[in-house]
Amino acid sequence: MDKNVSSDFVAIFEDIGFSTDYSKINYKAGLSVEYFLKNGFSLNSGVNYSNKNFTGTFTCATCLSISLWGAETIELQFIEIPVSIKYYFALGKLNMYADLGLINQYAIATEILNRKYIISGKLGCGIEYNFNPKLAFQFFTEYNNGLTNMFEESDFKLQTISLGFGLVKKI
């Protein structure tokens, strides 16, 4: 589950854009692969589908904040390829980890964006419970912060906080 915590106004042109309502809960789903290095470190990647939808009201900031038309759902959908490094704190069957990396985001089915590729930074942590040497359960949280602008005319960047879980099959 992703919660969008980006700015309250998305400028499309200088003073024209969307006032935002991020009450929608978004999600991402996908598969990850992890390659264990030495001393508790691992290299991670994968592929995810994510949506970052929100409600926007098209407004003109210099026109006394007049709404130009009613609220509408702004649909932002991405194929994401995260690349990160994790560090595990081994505690027997229960492991804790920290995760740091980048997310390559490719926009799909999105009419409003003029940039189809953006990059976000990722900082996360989680807990992994090992049922046995081949199967585990993970619960994690992460903060994603846009590093590149989503629009050519605006400095708007995505910011999300995520809570999630996963089943881990070790080979």
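List of remarks:
- Considering the range 22-76, the qualifying strands (runs of 3 or more DSSP E), each wholly inside and each with 1 or more residues that are among the aromatic types (Phe, Trp, Tyr) and modelled with pLDDT of 80 or more, run over 28-36, 41-51, 54-60.
- Residue within the range 90-111 that is among the aromatic types (Phe, Trp, Tyr) and surrounded by 14 or more Cβ atoms within 10 Å (Cβ to Cβ) present: yes
- Conditions (1) surrounded by 13 or more Cβ atoms within 10 Å (Cβ to Cβ); (2) touching a strand residue (DSSP E or B) at 6+ places or on another chain (Cβ under 6 Å): number failed by GLU153: (2)
- Reported count of residues in the range 116-128, each being of a type outside the set (Gly, Ala, Ser), surrounded by 14 or more Cβ atoms within 10 Å (Cβ to Cβ) and out of contact with any Ser or Thr (no Cβ under 7 Å at 6 or more places or on another chain), is 3.
- In this structure, LYS157 does satisfy being touching a residue at least 60 places away in the same chain (Cβ under 8 Å) and closer than 20 Å to LYS52 by Cα.
- Any hit, the range 94-113, residues being farther than 24 Å from GLU153 by Cβ, at pLDDT 85 or above, more than 19 Å from the chain's Cα centre (by Cα) and charged (D, E, K, R): no
- Being in a strand (DSSP E or B), charged (D, E, K, R), modelled with pLDDT of 90 or more and over 15 Å from MET1 (Cα atoms) is a property that GLU128 has.
- Scanning the range 7-34 for residues being under 19 Å from ASN48 (Cβ atoms) and either free of Cβ contacts under 8 Å to residues at least 60 places away in the same chain or more than 11 Å from the chain's Cα centre (by Cα) (or both) gives a total of 9.
- Filtering the range 1-21 to residues that are assigned to a strand (DSSP E or B), of a type in the set (S, T, N, Q) and farther than 16 Å from LYS122 by Cβ leaves SER19, THR20.
- Among the residues of the range 136-162, those identified as of a type in the set (Gly, Ala, Ser) and at pLDDT 90 or above are ALA136, GLY146, SER162.
- Picking from residues in the range 148-171 that are touching a Ser or Thr at 6+ places or on another chain (Cβ under 6 Å) and hydrophobic (A, V, I, L, M, F, W, C), the one that is farthest from ILE16 (Cα to Cα) is LEU163.
- Condition check for GLN138: crowded, with 16+ Cβ neighbours inside 10 Å, among the polar types (S, T, N, Q) and closer than 28 Å to ASP21 by Cα: no
The values are calculated or read from the model by the stated rules, or taken from the named source; none is laboratory data. Being a predicted model, the structure only gives us computed values, none of them experimental. Cβ atoms come from the backbone with ideal geometry, glycine included; neighbour counts cover every protein chain shown.
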